[in-house]
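The structure appears below as structure tokens.
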Amino acid sequence: HLLIYKYRKSKIQIGDFTFGLSRLLENIRLGRGVLFSQDIGKLNFVAFYNELLFFPSVKNQIGSSFSYQPNKHFLFKLNSIYREYLLPENNSFAFSGITNYNNESTFIKAEYATSIQNNTTGYGTFINGLYKNKRLQLTTDVLYTGKDFQGFYTNSIFNASSINVRLNNFFSVSTLVN
């Protein structure tokens, strides 16, 4: 069940919904709760509270994000999340910064995150990029999180990169590395 109320540049969601704060902190999970979003010019503010439906060790989580889009090419975003576990010693707080750049041929998104749990600090980062023109397309997706990082990923290394060269209207050559 989900109830959504929109008025001008405000939105409130109450009920069951999937939510993604950021790739490193909370990618996409189904939860039950409330989310408030407000746009003010080039600024956006989001605050949420939810209880994850299929992760019984997490009691609830609360967080926020603040984003600024000065023009159509750049986006800057700050995120935070406090996750309360059934075992209080597992409670964690994490925050991240994201920047996006895009134009007709290039897209780059990068995030750096830090988490704190039991006076232990963890780190994570990722970069996602795309470049394309009429004959060439390059993509890369690289993610790293340390063993102490408390976010959507923990102790992870991921890389997927590809090159696609268009030879003519009928043929192209591609390679992919994972």
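The values are calculated or read from the model by the stated rules, or taken from the named source; none is laboratory data. This structure is a prediction, so every number in the text was calculated from the model and none was measured. Don't worry about glycine lacking a Cβ; one is built from the backbone with ideal geometry, like all the others, and counts go over all protein chains shown. Just the protein is used for accessible areas: all its heavy atoms, side chains included, with ligands, DNA and RNA removed. Shrake-Rupley method; radii C 1.70, N 1.55, O 1.52, S 1.80 Å.
List of remarks:
- Subset of region 46-81 (residues that are open to solvent by 80 Å² or more (accessible area, probe 1.4 Å) and within 15 Å of the chain's Cα centre (by Cα)): Phe66, Phe76, Leu78
- Residue within region 82-91 that is open to solvent by 80 Å² or more (accessible area, probe 1.4 Å) and either in contact with a Leu (Cβ under 9 Å, 6 or more places away or on another chain) or farther than 26 Å from Ala47 by Cα (or both) present: no
- Selected residue [at pLDDT below 95 and either open to solvent by less than 40 Å² (accessible area, probe 1.4 Å) or in a strand (DSSP E or B) (or both)] from Gly129, Gly97, Gly151: Gly151
- Of all residues in region 132-143 being more than 14 Å from the chain's Cα centre (by Cα) and not in a loop (DSSP other than H, G, I, E, B), the one that is farthest from Ser80 (Cα to Cα): Leu136
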